[in-house]
Structure formats: C-alpha cells, structure tokens
1. Could you list which residues have their amide H under 5 Å from that of B:Leu162, counting only those 5 or more apart in sequence or on another chain, with H placed in the peptide plane?
2. Just rank B:Tyr145, A:Tyr364, fewest to most, by other beta-carbon atoms within 10 angstrom.
3. Please list, ordered by chain and number, the residues whose modelled amide H lies under 5 Å from the amide H of A:Met31; skip anything fewer than 5 residues away on the same chain.
4. How high is the FRET efficiency between A:Lys535 and A:Met441 when r is their beta carbon distance and R₀ equals 41 Å, given to the nearest 0.05?
5. Between B:Ser8 and residues 5 or more places away or on another chain, which pairs have amide H atoms under 5 Å apart, with H built 1.01 Å from N, and which residues are they?
6. With a ≥ b ≥ c taken as the square roots of the eigenvalues of the C-alpha gyration tensor of region A:460-530, please select rounded if a/c is under 1.5 and otherwise prolate if a/b is larger than b/c or oblate if it is not?
7. Which helices, taking whole DSSP H runs in chain B, have alpha carbons extending 15 angstrom or more along the helix axis plus mean Kyte-Doolittle at least -1.0?
8. Provide A:Lys209, A:Lys462 in ascending order of the number of other Cβ atoms located within 10 Å of each residue's Cβ, fewest first.
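Nothing in this text is a laboratory measurement; each read-out follows from the coordinates by a stated rule. Remember, it's a predicted structure, so these values are computed and weren't measured experimentally. Because the Cβ atoms are built from the backbone with ideal geometry, glycine has one as well, and the counts that use them run over all protein chains shown.
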Amino acid sequence: MLATMATSSEEVLLIVKKVRQKKQDGALYLMAERIAWAPEGKDRFTVSHMYADIKCQKISPEGKAKIQLQLVLHTGETTNFHFANDNSAIKERDAVKDLLQQLLPKFKRKANKELEEKNRMLQEDPVLFQLYKDLVVSQVISAEEFWANRLSLNAVDNSSSNNKQDVGISAAFLADVRPQTDGCNGLRYNLTSDIIESIFRTYPAVKQKYAENVPHNMTEKEFWTRFFQSHYFHRDRINTGSKDLFGECAKMDEKGLKTMVGQGVKNPLVDLTSLEDKALEEGYGIFSVPSTSNSFKSIKENSNAAIIKRFNHHSAMVLAAGLRKQEAQNDHCSETSSTDGNSRDSDCFQPPLKKVKLQEAIEYEDLEESNGLKTVALSLKKSDSYWLLQKPQCSFKLYQTNNSFKNVQTSLTCSAFRLKVLSSSAASSAITALSPGGALMRGGIQQAINQMVPNDIQCELKHLYVAAGELLRHFWTCFPVNTPFLEEKLMKMKSNLERFQATKLRPFQEKMQRQYLDKNLTSHLEEMLQTAYNKFHTWQSKRMMKKT
Amino acid sequence: MASDEELSLLVIVVDVNPIWWGQQTLKESQFTLSKCIDAVMVMGNSHLFMSRSNKLAIIASHIQESRFLYPGKNWKSGDFSGETANSLTESNLCGSKDGKYELLTAGNELITEEIRDLMAKNEMRGQQTETLLAGSLAKALCYIYRVNKDLEAGQEMKSRILVIKSADDSALQYMNFMNVIFAAQKQNILIDACILDSDSGLLQQACDITGGLYLKVPQMPSLLQYLLWVFLPDPDQRSQLILPPPVHVDYRAACFCHRNLIEIGYVCSVCLSIFCSFSPICTTCETAFKISLPPVMKAKKKKLKPAT
C-alpha cells in the first residue's frame, strides 16, 4: 500500500465521491491499472491496489443498510469501501463493481499460480517447510535449486487434481427457489447463479430461449419474471395460447419425453410400457373400471397424470444433464446411448446387449471354475538341502552313550520333599550377574540414548539430518559428471556443503559441547560429509590429470 | 473377581537328554539331573503360587519320546484323589508331610514319579542321540491349544513356553523347529529359552521371533535363581523390569554347497537355493545360468616420457 499521487500518465476511468474507508470520508478513483482511495480534502492516495494484486471483490447483500464493496487481495488482506452517498450509493457501487469485473480478469497474473502452488506445498508439509527454512532462508542454497526437483514432481499431481468431480445438479433446485411475499401482493423469487446454471443445464430449451431473447428483446430480469409467470413453470400445465414465450418449450419437452419413452431402457429384459397400477380387488389398490374413452376421465385424474408426467420428465432431464456432461468429456463418438431424449438410438447393438444381460442373470462368477494360468511345475532333483541348517553333527560318541544312560538312572535322586534346592552363595552370585552393570547386562545401557538427550536437541538433530540429506542428494546426483552443467552444479554443491557445515553443523556441535553432552551425535553426519568431500577431491584430481 | 482374572499358562520343556546328563555325572559336576528337576519343580510351584488361576505343564524331552511330567494323564487340576490312584503308586500319595499346599505336593510327587519312570524304562535304541525338542515344543503347543478350547466363555488365557536346554541343537529337526516357532508366533505364544551348556541358534531365533527371552546361564548350580529372576514374571510385567538385553541373533543363511554361513551369495531364481559361489548349473533344480562378466578394459598404453 503505497501512498502515491496519481501520476499524470494514468488514465482515470471512474471517480466516486463520498466513499468512506475506515470511517473516513473520501473519494474512490479507478485508474487503468489500479484502484485508489484518497481521504477528503487530501490529494494523496492512502489506499492503492494494483488490479493484479486483487484476487476478488465482494459486495454487501441487497437490503443491508450499509452499501459496501470489499476487495480481497492475493495475500489475504481485505479492504472495505463504504458508499455513503445517500441517493446514488447503490448505483455507484454497482458501477464500480461492474468496472472492476471487467478490469480484473485482464490483470490476473498467471505467475501467481506457481507461487500459490509453492505456498500450498510448504504449508501442507511441515518437514518441507522446515527444510526450506533451513536451506533457503539461511542462504545455503538458492530457492531455484530447492524448487528445481520438487515442482516437476508435483505438476503431475496437480493435473490429476484438476479433474475434480463436477458438482451435479440437485433435483430440488426448482423447489429451492422459494418465493417470498413481497408485501404488496407479489412474489419475490431469489435466483442465484447456481440455480440459473442448474436450470440451463437441465432444460436446454430454456437456455436456448434465453440466448435468443436476452439481451436483445428483454433484460435478464424480465426474462426470469416471464419464466416464473408462465404456466410452464407452474404445476398445472395447461397448454393454452402460444402467446406464452415458453409454450414452445412445453411442446419441446413433450416431444423429448415421447422420444425418451420410445427409446426405452437399455435393458431388454425390462418393459417400461407394461408398468401400470394393477389392482387385484377392492381394497388392494385403486380398483377402477378400465375406461376406454378419455372423455370420462375426471379432471383430477388428468391433472394428476400431468403432474406425474412432468415429475418423470424433470427427473429424466436432471439425470440426462449429468450424463451429458460426462459424455462430452469422455468420448464424442461414444457408443453407449444415454437416456437423453435427444441422443440417437443404436439399434444395431440391441442383440448383443440382450445376450449380455441374460448372461449376467444366469451366471455367478464365484461359482465358476477358476481358470488359473497354466504354470510350470518346479522340479527339484535334490531337495534335502532345504531341510538342513547345518551339517548333521553327531555330538556324542557311541562309547559315551551307554555309560551315560546307566549313570543317569542311578543318579536320579530328586524328591518332592527336598528343602534346599539353591544355596545362598549361588543365588547371590546369580543376582549380581543379573543386576544392572552385571555380567549379563552389558548390552542394556546403550538403548537409553534417546532418554539421555533432551528433546529439543533431538529435534535439531533431525532437522540437520533432513537438510544434510537434501544437500547430499543434490551432490551425489551430479555423478557421473558428463556435462559442464553438472560440473558447475557439483562445484556449487560442494561449496553449499561446506557452507552448511560451517553455518549449521559447527554451531550445533559447539552448543552440545557447551551443554556438556558427551555423546558424539554428529559423527555420522560428519562421516557422510567427509565421504562427499573425498569423492569431490578424487574427481577433481582425476580431472586435473586428464587435462595435463 | 476370580473369574475375571486372566489365566496364565506356563509350559516348561526340560531337556532330559540322558547322554548329556550322564556326561554331567561322569564329569562329577555338582549339577545333576536331579538338581535340575528340583529347580524346575520350585519354578513350577512358584508360578502356580503367583495367582490362583495360573496353570502349569511340564514336558520332559527325551531322545526317544516327549512325556508330560505334569499334569498326569488322569490328572484333573485340584483333584488328586480317586481316579488318579490308578496311574500312580499308592504309597506316594500320602499327602503333604511338611505343611505344604496340597496341590504343590501332589504335583511334585507326580513329577518325580514320572521322571524316574521315564529314565528307568528307556534303553538305548538305535543311534539317536539328539533330544526331540521340536516334538516336545509341538506337544506343548497342542496342549496350550487344548486348554484354550476348554476355557469357559469370556476367559482369556496367555501362555508361554520355557525351554531349559542342555544338549546341542539337532540339525535334522531344523524344519520342524521353524514350523513350531512360526506356529507359536501366530498363536502369540512366547518361547523363552534358558540354556545350560552351548548356545543354540534355533532357540535364539525362536526367542527373537516370538518375543521371548534368551538367557545362557553362566553357572548351572544357580539355575533356580536365574529361572525365578528372569523367567517367572509375566510378559506384561517384563516391560517394567530391567532384564538382560536381547542377544544378537545370527540370521545368516547357510550355503547349500558347503553349509557355511554367508552374508552375500548367489540365489537361484527358480528354486531359491543359495550358493556361495557362482556355478553355471543349479544343483537342486538343474537350471542353467549365464553370468555376464564386466567388460574387459583395454590397458591404456602410457607414453614413456624420455628421460632427461
């Protein structure tokens, strides 16, 4: 936000007086490339935003006392402008809004997307963020190198995430347009762009009418007023006079419905036309004498039939709209026909379809024999090697065995009533061996190292490892050095490693020494770095030799 | 509530290889089979003492059979009168002489009787000199399984096997041993090992895989102290105690040609047999293999600098 004067070369597109910002009166200026606001009486702009910085604008809802316009920047900041002119505030605000709507798209920066992408990645992955802080912010490596590998990896991910599922159409969208009484015997319908879109997607006929008539013959508002007034919209569709704009739509709908029914369902085993209310007897449903002449049908039945017909048609159109979108994305010449009333019927595919359906009905995959792949049997000539771990050792010589047997039998003097099984000296020597520090407990102390080192040192060490790993990865991928680019990179990486060691590793080691921590926790890191240096030196000396 | 207590079953498998123990007697060591069985009895009593709901089983692993020392064939826990009289000598069932808990007395008597019987009956048949450890472990697993089936609904049981090993490993039982170990692992049964003489690779693996403790006892006369200190606590309690650290287990495979333990070798891709050196034909499945040698580098001729 720079406080600047309007430069003379800037073209001012719109000036709106009596606009308040942060409870101060002033005037709003829309220039060719930016929007600015100056307090009353002053000629310096206190608020100035380039159109490129603005992400979107928002307006206060209709009916609120305060008429406001809000600008949301890419950085997340918001600026509110309050239009305080008593008479023409709304008009002014709308004028500003329309102008911004036209100007903002021109300035939308494409490069922002990449920046946003990077920010998103850093926010999602705290380890990456820490690595970024360690390496780039402390200037060990440059930001370009850091992002060089990563962005390419994630570009693939992004393209897949763009194919998000489209939001379908709610079947109740027309019902959601709840009319409100206006107070003076009228009705108010609230139409949002979502609802309009749903109507257009479901009823392409209406979309057509809209395209024909707006804005040539009538305004948008008029169009929608006529729409809601027409009988087309209301329950009882009585196709009276063709003066109605939407009478044609009703006729088109009827045609569409007829083709849909004629097309039928893909499944040849289902017969739609035979569905009707069949009553068994009185009390088991509507028992009516089948009437052959239409004129005897009551008016109520007629209107019921009409409503049901319209209901079916509406559902069919909603489904079709969803499928239509999918078809447009997948395949233009897809062979599968949709239930859309306008698509073509594919007669030639009828017989195989029936066969497929019949087969599905009579076969169960689980019950079939499994047709495994033909395999080759393993033939082993000598398989006892698998069973033996070591060479069978006969540890006891034969002469020993016979004697032993006799000895054991005679020596068995165990008794259930023996009192002294263990002597105290034997017990105490065993206890000392088992106590911490004893002969048997040698390996135990090393396990506690993670309890001896404080947590924050452990965290720092982890960060060091991640950072060092990243640098070493860049370093080692340079080998074998084939191109001059790799050579340069190698030299840079070596200096990066040295810088890392100096700026990060040494202070850490000194800190540890100061805290009297005796453990040498960084010996492995140093070893890794030293290996890298050695490799670099050997490569360098080889290069020198080649040159001479 | 007594019924809510978790049952703990300890199965002690004692290696009573008569040849090894006979050697011990010949060497006139202080530690004979009797002393070992005494220690095992005290250990068993202690385990039964830890909780009312604890169960015990002792298996003797001989070179010709594996026999249950405790409980006996007709033994019903707590019921040592009546039916059991048939299988035991009457004279021994005289009740507790020293005020000991009756169950423990009866148990100990049974154990001593059985072991005498076991060592007396068997004579040296054939060339077998190796303990049937794999078989005993399999019997232990079956027993655990059977006790598990007999539990009342809602009772849970944790079991472990303690192996007291004296003689060397038997190489022929390797496969059976590994099967037993994996079966135990699947059933969450710990295998602990207390080694008297020489380290056993198989038991080290068993302890490592099932999560048990492996201990080689440095002094045999103190066996009981080691048993009570290290192997008596339940697996749940072991995490609270400071016990000997686990041993490093040698998992190296042995090559098929020399039976040496190797770290890096050649593996046949058809039959997965391991060799220490390359051979063009695998001996087990007779597949032919070719190996590509590294490209031969031509020696660069160095220009000889003229001597100045």
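1. Distant-sequence amide H within range of B:Leu162: B:Val11, B:Ile12, B:Val13, B:Asp192.
2. On the way: B:Tyr145 14, A:Tyr364 8.
With the sparsest Cβ surroundings first, the list reads A:Tyr364, B:Tyr145.
3. Amide H to amide H, under 5 Å and 5 or more residues apart or across chains, A:Met31 pairs with A:Leu13, A:Ala36.
4. Computed FRET efficiency for A:Lys535 and A:Met441 comes out at 0.45.
5. Counting only residues 5 or more places away or on other chains, the set is B:Asn54, B:Lys55, B:Lys158.
6. Taking the square roots of the gyration eigenvalues as a ≥ b ≥ c, region A:460-530 is prolate.
7. Within chain B the helices that satisfy the rule are B:33-50, B:102-121, B:133-149, B:174-186.
8. The order, fewest Cβ neighbours first, is A:Lys462, A:Lys209.
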